[in-house]
Amino acid sequence: MTRDPADLTVADYLDGAREMTAANRPYLAHLLAEEAAHRTTDPATAAGIRASFPDPTTTRTETN
């Protein structure tokens, strides 16, 4: 594991996002995926990443 965040790759951020999704941490997964999308040079790839990890505050449904 790297100690310098600047050394992290898009794949590292996506791996972290998947781990956070598996751990039921959707907001953290979204933040990691946003960073991965930001570091991606291809707009279509960035859009795909964002679609895979949507903002949980806009997708949450309220229950009573």
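The values are calculated or read from the model by the stated rules, or taken from the named source; none is laboratory data. What you see is a predicted model; the values in this text were computed from it and never measured. As a convention, Cβ positions derive from the backbone with ideal geometry for all residues, glycine included, and neighbour counts pool all protein chains shown. Side chains are part of the model used for accessible areas, which takes the heavy atoms of the whole protein and leaves out ligands, DNA and RNA. Shrake-Rupley method; radii C 1.70, N 1.55, O 1.52, S 1.80 Å.
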### Fraction of the pair-distance distribution of the chain above 16 Å, Cα-Cα pairs, percent
46 percent
### Summary
Given a 1.4 Å probe, the accessible area of the chain per residue, as a whole number of Å², is 75 Å²
### Query
Given a cut-off of under 8 Å on Cα pairs at least six residues apart, what relative contact order in percent is computed for segment 1-52?
30 percent
### Query
Under a point spin-label approximation (7 Å from Cα along Cα-to-Cβ), what is the Ala6-Ala51 distance to one decimal in nm?
3.4 nm
